Amino acid sequence: MVLFMAAATALPQKRVWKSVFGASAGVSIPYKEFAYNTFRYDAGFACPGPNLEAEYLFYGKFFGLSATIGYSSFFFNEKAYRNEYDRTLGGYGINEVSAGNYQLLRFLAGFTLKLPEIKHTEVMFLFHLGFARSVHPDLQVTNSELGVINSIEKNNGGGPVANAGIKINYWLNERYGISLNGSLSTTTPSFTDNTAPDSYFDLPVYCAGINVGFVMNLRTPSL
Amino acid sequence: MKRTAYLLIIPLFLASCSGKRVNYDRGIIPPVPVNFSAVNSIYDDYNSDLRITWAEKWFTLIFSTNRQSSGNDFDFITYLGSIHFDLIDGIFTMDAGPRDNALLEAVNSNSNEFGPFFTLDLPYYHHWKSGGDGRFFYSSDINGSLDIFCCDYDFGEAIFQPAGDPFPIDALNTGFDEGYLTIYSAGQTNPETALFMSDRDGSYDIYRAIGEEGMMISESSVVTVSKVTSLSCSADDKCPYISGNMMVFTSDREGGFGGFDLWYSLYDGQEWSAPVNLGSDINTEYDEYRPVVVSAEEEGFLNDLMVFSSNRPGGKGGFDLYYAGIPRRK
């Protein structure tokens, strides 16, 4: 990839730069530890949820720069979490789990590699770093015989985030187009758990986003 | 370029150093009985007493077994073990290994020894008693019927040493069976009150013993003994054991699940409440026997630890020791 970047950069770029705004919506899908559904210290019990992104891209024939603001929400897998308590407590009492959603707000910036446009279609690779603000939901587990056995109050944590993705734009005309985005993000926020011995924990957040949306070229003559 | 890459990557590594997420706020002892396989044998592993040092999370378990005589007479043996609860995966473990115990060498005989109960007497107890760091009570049929005995002991570096010879508690013993003594503090004038079982009235019942004012039960030559009427019935009630304000005992009275079941009663400062069966999570159609309860509140557990013996299927053979968590009742 580094070689490709170097080669692309070395090539003379056509001095036609696009300034593009895009917005998209889709689904965010947790994977790896964030999606694990067994009692591990790093299991997130997260389920897919909605994903929204707004982005700005400035690029030439082969490469450019881009910035993205993304928001993802992940449902907490209450059923899987309850099953783990049923298993470890041997079916003693009735366990109830109530939880909100994880939320992830990403501020990203990075560079873009683009393949030559073919039939109004652009294929772009995006590599981003940035900052993410993650929200851990309210979580409470109650056993009918033992009372509250686990609780975490809603809180948030911030940290660096890395993101890589692919974006396909299909230009309907010089000004507007539609896009299909796919990306992978990873961050490890620290959350507070006042009822735990360490009072905090780090949770690895891995998620994929698949979005569809529109793109708008801001540098067309009409603008 | 390389330096820039390091600057970007280092924060990601730093962010990955961390605390672990737990799934339990506090420890929970398995509410469904678990075979204490680390200590059980194919022979009868019977009644026990347990002392836990929560700071180090280790325990001393003394119980009666006939393994040493290949199924004949019951003797005491000692296991030293550790307790662990994993707040992440919710797994509670009790591991233990056999331990020599000079005290038990002085206590065991060719007859049967049952019902261990040991105290760890506080230093100010020496105002009321002589002897060692604690007293080991037990019952033995060395004289025919079961009688209650006591042996003072010293305790240092997790080793029990006898501090004198075993002696019978004559004020409690009769020609009938007496055993399973347990002690609690019931009033201001007497440092301790004892409960024990006896069949002196035909069936096994639980009796209360109060020594002379200001004297320990083992030091008192005159003891007032009375049946605990609120617990008595025509069935056999055995093996009382007290933890805090709760007494657990075994009984084959009506209302159980078959054979001997485990029951509890609460002390309100005046009298013991009507017995309540510990329920189907603990009891079975088989025999459950000699419950011992240790408070785990100090260590932050949501429930308390109970060890008992049962001949239910699925064990190693005969009676086995089991542990389970029971709700804390106040």
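The values are calculated or read from the model by the stated rules, or taken from the named source; none is laboratory data. These numbers were taken from a predicted model, which means no experiment stands behind them. Here Cβ is always computed from backbone atoms with ideal geometry, including for glycine, and neighbour counts include all displayed protein chains. We work out accessible area using only protein heavy atoms, side chains counted, and drop any ligands, DNA or RNA first. Shrake-Rupley method; radii C 1.70, N 1.55, O 1.52, S 1.80 Å.
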For this session: Taking 10 Å² as the minimum loss, tell me which residues in the range A:193-223 lose that much accessible area going from the chain by itself to the full protein complex (1.4 Å probe).
Result: A:Asp193, A:Thr195, A:Ala196, A:Pro197, A:Asp198, A:Tyr200, A:Phe201, A:Asp202
For this session: Give the ranking of A:His136, A:His120 by solvent-accessible surface, highest area first, calculated with a 1.4 Å probe.
Result: A:His120, A:His136
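Can you list the chymotrypsin sites (Phe, Trp or Tyr not before Pro) in the range B:161-259 that are in a DSSP coil and have 13 or fewer other beta carbons within 10 angstrom?
Details: sites: B:Phe176, B:Tyr180, B:Tyr184, B:Phe196, B:Tyr204, B:Tyr207, B:Tyr241, B:Phe249, B:Phe257; in loops: B:Phe176, B:Phe257.
Answer in residue order: no site qualifies.
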Problem set entry | Candidates B:Asn72, B:Asn283, B:Asn35, ranked by Gaussian network fluctuation over chain B, Cα under 10 Å, top entry | B:Asn72
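Which whole-number percentage describes the relative contact order of chain A, with Cα contacts under 8 Å and a sequence gap of 6 or more? Could the numbers behind the result be given before it?
Numbers: 615 pairs, mean separation 46.0, N = 223.
Relative CO of chain A lands at 21 percent.
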Problem set entry | Too-long pairs where the Cα-Cα distance tops 29 Å, listed order kept, from A:Lys79/B:Lys20; B:Lys57/B:Lys330; A:Lys32/B:Lys57; B:Lys238/B:Lys316; B:Lys20/B:Lys330 | A:Lys32/B:Lys57; B:Lys20/B:Lys330
Exercise. If you line up the long axis of helix B:2-15 against the longest principal axis of chain B, both from Cα atoms, how many degrees apart are they, to the nearest 10?
Worked result: 20 degrees
Problem set entry | Rounded to the nearest 10 Å², the accessible area of A:Val16 at probe 1.4 Å | 90 Å²
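Quick check: at a probe of 1.4 Å, how many percent of the accessible area of the protein assembly as shown sits on carbon and sulfur atoms?
57 percent
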Exercise. Hey, can you list the residues from the range A:16-41 whose accessible area shrinks by 40 Å² or more with all protein chains present, relative to the chain by itself (probe 1.4 Å, no ligands or nucleic acids)?
Worked result: A:Phe39, A:Tyr41
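By its C-alpha gyration tensor, with a ≥ b ≥ c as the square roots of the eigenvalues, how is the range B:133-218 shaped: rounded for a/c under 1.5, else prolate for a/b larger than b/c, else oblate?
Working: a/c = 2.22, a/b = 1.23, b/c = 1.81.
In terms of gyration-tensor shape, oblate.
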Problem set entry | Within 10 Å of each Cβ in A:86-93, the average number of Cβ atoms from other chains | 5
Exercise. Just the accessible area per residue of chain B, please: how many Å² with a 1.4 Å probe?
Worked result: 41 Å²
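So, counting K/R as plus one and D/E as minus one, what does the shell of residues with Cβ under 15 Å around B:Lys316 add up to? Don't jump to the answer; show the numbers that get you there.
Values: positive: B:Arg67, B:Arg312; negative: B:Asp44, B:Asp45, B:Asp320.
Local net charge: -1.
Provide a whole-number value for the mean count of partner chain Cβ atoms within 10 Å of the Cβ atoms in peptide A:152-162.
Numbers: counts 4, 0, 0, 0, 0, 1, 1, 5, 8, 2, 3.
Shielding by partners across A:152-162 averages 2.
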Exercise. Which lysines have a Cα lying under 28 Å from the Cα of A:Lys61, excluding residues fewer than 8 positions away in the same chain?
Worked result: A:Lys14, A:Lys18, A:Lys114, A:Lys119, A:Lys167, B:Lys2
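Looking at the square roots a ≥ b ≥ c of the eigenvalues of the Cα gyration tensor of the protein assembly as shown, which shape do they give, rounded for a/c under 1.5, prolate if a/b is larger than b/c, or oblate? Please report the intermediate quantities before stating the final value.
On the way: a/c = 3.81, a/b = 3.31, b/c = 1.15.
It is prolate, given that a/c is not under 1.5 and a/b is the larger ratio.
I need the shape label for the range B:231-330. Rule: rounded when a/c is under 1.5, else prolate if a/b > b/c, else oblate, with a, b, c from the alpha carbon gyration tensor.
Numbers: a/c = 2.14, a/b = 1.14, b/c = 1.87.
Here the range B:231-330 falls in the oblate category.
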For this session: May I ask for the net charge around A:Lys79, where only other residues with Cβ less than 12 Å from the Cβ of A:Lys79 are counted and Lys, Arg are +1 while Asp, Glu are -1?
Result: -3
For this session: Post the alpha-carbon centroid distance, the range A:117-188 to the range B:22-56, in whole angstrom.
Result: 45 Å
Exercise. What residues in the range B:21-69 lose 30 Å² or more of accessible surface when the other protein chains are added to their chain alone (1.4 Å probe)?
Worked result: B:Arg21, B:Val22, B:Asn23, B:Tyr24, B:Asp25, B:Ile28, B:Pro31, B:Val32
For this session: Show that you can apply the helix-only estimate: for chain B, add -39,500 (n - 2.57) for every DSSP H stretch of four or more residues, divide by all residues, and state [θ] at 222 nm to the nearest 500.
Result: -2000 deg cm²/dmol
For this session: Please build a GNM for chain B, connecting alpha carbons under 10 Å apart, and tell me which residue among B:Pro313, B:Pro30, B:Pro162 fluctuates the most.
Result: B:Pro313
Seminar exercise, completed: For B:Cys233 the rounded accessible area (nearest 10 Å², probe 1.4 Å, non-protein molecules ignored) is 50 Å²
Exercise. Counting only the heavy atoms of the protein chains, how much of B:Tyr286 is accessible to a 1.4 Å probe, in Å² to the nearest 10?
Worked result: 90 Å²
For this session: Taking trypsin sites (Lys or Arg not before Pro) as candidate sites, keep only those in a DSSP loop with at most 10 other Cβ atoms within 10 Å, then name the longest stretch of chain A containing none of them.
Result: A:120-223
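Order B:Ser221, B:Ser273, most accessible first, counting only protein heavy atoms with a 1.4 angstrom probe.
Accessible-area ranking of B:Ser221, B:Ser273, largest first: B:Ser221, B:Ser273.
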Problem set entry | Total accessible surface hidden between B and A, rounded to 100 Å², 1.4 Å probe | 2500 Å²
